[in-house]
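S.K.: Dropping the structure in here first, questions after.
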Amino acid sequence: MTAPPRVLTIAGSDSGGGAGIQADLKTMLALGAHGMSVVTAVTAQNSVGVQGAWELPVEAVRAQYRSVVDDIGVQAVKTGMLASPALVTTVAELLADMAAPVVVDPVSVSKHGDRLLADDALDAVRTRLLPLATVTTPNLDEVAELTGLEVTDEPGMRRAAARLLSYGPRWVLVKGGHLPGAAVDLLTDGREEHWLRAERHDNRHTHGTGCTLASAVAVGLAQGLAVPEAVRRAKEYVTAAIAAGFALGAGIGPVDHGWRLREAGA
């Protein structure tokens, strides 16, 4: 049998299963890819927040990466929580000769407001990691940290995208989910603009949306889709996953990565 598309996530572990490596692998499976992982950090995390985080040694990250890439190979890579300047730099060095597309989700703060990226790592993200990105997928909080721009409207999203493109990624997806009204995102490479709009669902259980979207984009790229089509399909998938998000624990529950499976079984 032919193996499915192979997608590698380089990110932190979420013990509650809603975000991070766990969300990435669920998304990849749901969309027909074989997911593989390089764990960069371990978090103690649940529906109410992050109770602790411990980054792995640089040597462990390098070893995981070489183990997967040198033997199995990858058709797309997605990065998430990288925690520190040393890990950002290490991952950038590893990806420098990567021929497959790279999706960079510049994770800095959790859904609950817990810090997942050291302040002194932001410059390494800008100068070392973003120039390697086929697509980067910041939300508005991450946009503000990376660019200094506070986005409050759609023209602001365009300005932020231009600033992010100056750091070197081929495409930027500015996620406008924190703005009022319809859920609108802007995808651009500086020449083309794609405004992606979706109905906003009245559901507070949205843990893992950023990880899920970036992973879904990576799957589309591994399947050979062009960036605009990969992003369009990813947004459709995550919008439905948000609509199906469910309560778990005492706080914010996760999106439903398996909504298609449940629809098929209905």
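S.K.: Taking segment 70-129 as the search range and keeping residues that are of a type in the set (Lys, Arg) and touching a helix residue (DSSP H, G or I) at 6+ places or on another chain (Cβ under 9 Å), which one is nearest to Pro228 (Cα to Cα)?
M.R.: Here the residue is Lys78.
S.K.: Here is a list of conditions, (1) modelled with pLDDT under 95; (2) hydrophobic (A, V, I, L, M, F, W, C); (3) buried (at least 20 other Cβ atoms within 10 Å of the Cβ), and Val231 meets all of them except one; can you say which number that is?
M.R.: (1)
S.K.: Scan segment 61-75 and report the pairs whose first residue is farther than 10 Å from Val38 by Cβ and whose second residue is of a type in the set (Gly, Ala, Ser) and assigned to a helix (DSSP H, G or I), with Cβ atoms within less than 7 Å and a gap of 6+ or a chain change.
M.R.: Matching pairs, first to second residue: Gln75/Ala222.
S.K.: Would you be able to tell me the number of residues in segment 87-123 that are in a helix (DSSP H, G or I), at pLDDT 95 or above and of a type in the set (A, V, I, L, M, F, W, C)?
M.R.: 6
S.K.: Modelled with pLDDT of 95 or more and assigned to a helix (DSSP H, G or I), is that true of Leu130?
M.R.: Here the answer is yes, as Leu130 does meet what is asked.
S.K.: Looking at segment 152-186, which of the residues that are assigned to a loop (DSSP other than H, G, I, E, B) and modelled with pLDDT of 95 or more is surrounded by the most Cβ atoms within 10 Å (Cβ to Cβ)?
M.R.: Among them, the one singled out is Pro169.
S.K.: Specify the residue that is nearest to Gly73 (Cα to Cα); the eligible residues are those in segment 44-56 that are surrounded by fewer than 23 Cβ atoms within 10 Å (Cβ to Cβ) and in contact with a helix residue (DSSP H, G or I) (Cβ under 9 Å, 6 or more places away or on another chain).
M.R.: Leu56
S.K.: Looking at segment 196-212 only, could you name the residues that are in contact (Cβ under 8 Å) with a residue 40 or more places away in the chain and surrounded by fewer than 20 Cβ atoms within 10 Å (Cβ to Cβ)?
M.R.: Across segment 196-212, the qualifying residues are Ala198, Glu199, His201, Asn203, Arg204.
S.K.: Return the residues of segment 207-266 that are aliphatic (A, V, I, L, M), assigned to a loop (DSSP other than H, G, I, E, B) and out of contact with any Pro (no Cβ under 8 Å at 6 or more places or on another chain); say none if nothing qualifies.
M.R.: Correct list: Leu225, Ala226, Ala244, Ala247, Ala250, Ile252, Val255, Ala266.
S.K.: Output the residues belonging to segment 29-55 that are within 29 Å of Ala222 (Cβ to Cβ) and polar (S, T, N, Q).
M.R.: Result: Ser37, Thr40, Thr43, Gln45.
S.K.: Looking only at segment 134-149, decide whether some residue is assigned to a helix (DSSP H, G or I) and among the polar types (S, T, N, Q).
M.R.: yes
S.K.: Kindly list the number of the only condition in (1) more than 22 Å from Leu213 (Cα to Cα); (2) at pLDDT 95 or above that fails for Ser84.
M.R.: Status for Ser84: all satisfied but (2).
S.K.: Follow-up. From (1) more than 23 Å from Ala99 (Cα to Cα); (2) touching a residue at least 40 places away in the same chain (Cβ under 8 Å); (3) surrounded by 23 or more Cβ atoms within 10 Å (Cβ to Cβ); (4) small (Gly, Ala, Ser), pick out the condition that doesn't hold for Ala222.
M.R.: The single condition Ala222 does not satisfy is (1).
S.K.: From the list Ala19, Ala33, Ala83, which one is on the phi > 0 side of the Ramachandran plot, out of contact with any Phe, Trp or Tyr (no Cβ under 8 Å at 6 or more places or on another chain) and hydrophobic (A, V, I, L, M, F, W, C)?
M.R.: Answer to the selection: Ala83.
S.K.: Filter the strands (runs of 3 or more DSSP E) completely within segment 27-80 down to those with at least 3 residues that are not aliphatic (A, V, I, L, M).
M.R.: The strands (runs of 3 or more DSSP E) meeting that bar are 34-46, 49-55.
The values are calculated or read from the model by the stated rules, or taken from the named source; none is laboratory data. None of these values were measured; they are calculated from a predicted model. Ideal geometry is used to build each Cβ from the backbone, glycine not excepted, and the neighbour counts take in all protein chains shown.
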